[in-house]
Amino acid sequence: MKALVFFAVWLACRLDGVARAAIVDCKDFTATNETMQCTTTQPCNCRMRCPNAFTCRVECQERDSCVGMDICDTGNNTVSLLCESDACQNISITTEHGTPLDIQCSENGCSDFSIKSNGPLTLDCDGPSSCRNVSVTATSTDSEITCMGANACTQPNLYADQGTMTLNCNTPSACPGSTAVAKGGSTFQLNCRGNDACQNQELHCDGATCDASGA
């Protein structure tokens, strides 16, 4: 049965990237705690599968070092992604089994992200335009998105189904044009700090608990 579950998740990871440009697999992780470093000369434009019970960290250190990347865990592990300025574009991330996911985006670091998580999620957008066009679907436990800097989180699309999702807009003009949908059993918390921290927000609650502090 475990083999069937592993295969199903592995297949879902593979099929998730079918509609995207064909990409090769990243190098295999050989240690339980390992960091994959991506640079302009050695980019990680590939599909990464994090093995069972591993801690997988990807560091996108230079401009365009992680473009069109698929990240998918296949077991009970931890996945983290660091995106320096202009490093990460068109990234798809899928986690299963309650896998903790930590993403850190610097100024202009992350754009056009699709994140599907059923475990604890931390997304730190630290700097102007650090997270642009980011889509987050959280289906369990807690998710926290923190936006610091002008236009730090530009037009994010957030979907919460079960668990608690928190969007922190901590500086003026931090979260323009965000759309959030919270469904039954979930809690959505919007925190707006600073002048016009939350502009043109859309919040839809369907049987969920929603609170917009300072909006």
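Which one is farthest from CYS105 (Cα to Cα), of the residues in segment 37-49 that are free of Cβ contacts under 8 Å to residues at least 40 places away in the same chain and either in contact with a Cys (Cβ under 6 Å, 6 or more places away or on another chain) or crowded, with 23+ Cβ neighbours inside 10 Å (or both)? Step through it out loud before you land on a result.
Applying the first criterion (free of Cβ contacts under 8 Å to residues at least 40 places away in the same chain) to segment 37-49 yields 37, 39-49.
Remaining after also requiring either in contact with a Cys (Cβ under 6 Å, 6 or more places away or on another chain) or crowded, with 23+ Cβ neighbours inside 10 Å (or both): 44, 46, 48-49.
Details: CYS44: 16, CYS46: 19, MET48: 19, ARG49: 21 Å.
My answer is ARG49.
Could you run through segment 79-127 and say how many residues are open to solvent by 10 Å² or more (accessible area, probe 1.4 Å) and among the β-branched types (Val, Ile, Thr)?
Summing the residues that are open to solvent by 10 Å² or more (accessible area, probe 1.4 Å) and among the β-branched types (Val, Ile, Thr) in segment 79-127 gives 2.
Mind checking which residues of segment 185-209 are part of a strand (DSSP E or B), buried (at least 16 other Cβ atoms within 10 Å of the Cβ) and over 21 Å from the mean Cα position of the chain (by Cα)? Show your work before the answer.
Restricting attention to segment 185-209, the residues satisfying the condition of being part of a strand (DSSP E or B) are 185-192, 198-199, 202-206, 209.
Then drop every residue that is not buried (at least 16 other Cβ atoms within 10 Å of the Cβ), which leaves 186-192, 198-199, 203, 205.
Those that are part of a strand (DSSP E or B), buried (at least 16 other Cβ atoms within 10 Å of the Cβ) and over 21 Å from the mean Cα position of the chain (by Cα): GLN199, CYS205.
Is it fair to say THR154 is modelled with pLDDT of 90 or more, surrounded by 19 or more Cβ atoms within 10 Å (Cβ to Cβ) and touching a Pro at 6+ places or on another chain (Cβ under 7 Å)? Full working, then the answer.
Details: modelled with pLDDT of 90 or more: yes; surrounded by 19 or more Cβ atoms within 10 Å (Cβ to Cβ): yes; touching a Pro at 6+ places or on another chain (Cβ under 7 Å): yes.
Yes: the conditions hold for THR154.
Hey, does segment 169-184 have a residue that's at positive phi, assigned to a strand (DSSP E or B) and not aliphatic (A, V, I, L, M)?
No; the residues of segment 169-184 include none that is at positive phi, assigned to a strand (DSSP E or B) and not aliphatic (A, V, I, L, M).
From the set of residues in segment 63-87 that are of a type in the set (Asp, Glu) and over 18 Å from ASP126 (Cβ atoms), which is farthest from the chain's Cα centre (by Cα)? Spell out how you get there, then give the answer.
Let us first name the residues in segment 63-87 that are of a type in the set (Asp, Glu), namely 64, 70, 73, 84, 86.
Next, from what is left, pick out any that are over 18 Å from ASP126 (Cβ atoms): 64, 70, 73.
Values: ASP64: 18, ASP70: 12, ASP73: 13 Å.
Within segment 63-87, the match that is farthest from the chain's Cα centre (by Cα) is ASP64.
So, in segment 61-72, how many residues would count as being open to solvent by 30 Å² or more (accessible area, probe 1.4 Å) and part of a loop (DSSP other than H, G, I, E, B)?
To start, the set of residues in segment 61-72 that are open to solvent by 30 Å² or more (accessible area, probe 1.4 Å) comprises 61-64, 67.
With the extra rule that they be part of a loop (DSSP other than H, G, I, E, B), the set shrinks to 61-64.
Within segment 61-72, residues that are open to solvent by 30 Å² or more (accessible area, probe 1.4 Å) and part of a loop (DSSP other than H, G, I, E, B) number 4.
Would you point out the residue of segment 110-138, among those that are in contact with a Gly (Cβ under 7 Å, 6 or more places away or on another chain) and of a type in the set (Gly, Ala, Ser), that is nearest to VAL79 (Cα to Cα)?
Once the filter is applied, the top-ranked residue is GLY119.
Here are some residues: ALA212, ALA174. Which one is open to solvent by less than 20 Å² (accessible area, probe 1.4 Å), of a type in the set (A, V, I, L, M) and free of Cβ contacts under 8 Å to residues at least 40 places away in the same chain?
ALA174
Residue by residue, here is whether (1) modelled with pLDDT under 70; (2) within 18 Å of the chain's Cα centre (by Cα); (3) outside any strand (DSSP E or B) holds:
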{"position": "ALA3", "(1), (2), (3)": "yes, no, yes"}
{"position": "LEU15", "(1), (2), (3)": "yes, no, yes"}
{"position": "GLN37", "(1), (2), (3)": "no, no, no"}
{"position": "GLN42", "(1), (2), (3)": "no, no, yes"}
{"position": "ARG47", "(1), (2), (3)": "no, yes, no"}
{"position": "ALA53", "(1), (2), (3)": "no, no, yes"}
{"position": "GLU59", "(1), (2), (3)": "no, yes, no"}
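The values are calculated or read from the model by the stated rules, or taken from the named source; none is laboratory data. From a predicted model like this one, the values you see are computed outputs, not experimental measurements. Please note: Cβ atoms are built from the backbone with ideal geometry, for glycine as well, and neighbour counts cover all protein chains shown. Note: areas computed on protein heavy atoms with side chains; ligands, DNA, RNA excluded. Shrake-Rupley method; radii C 1.70, N 1.55, O 1.52, S 1.80 Å.
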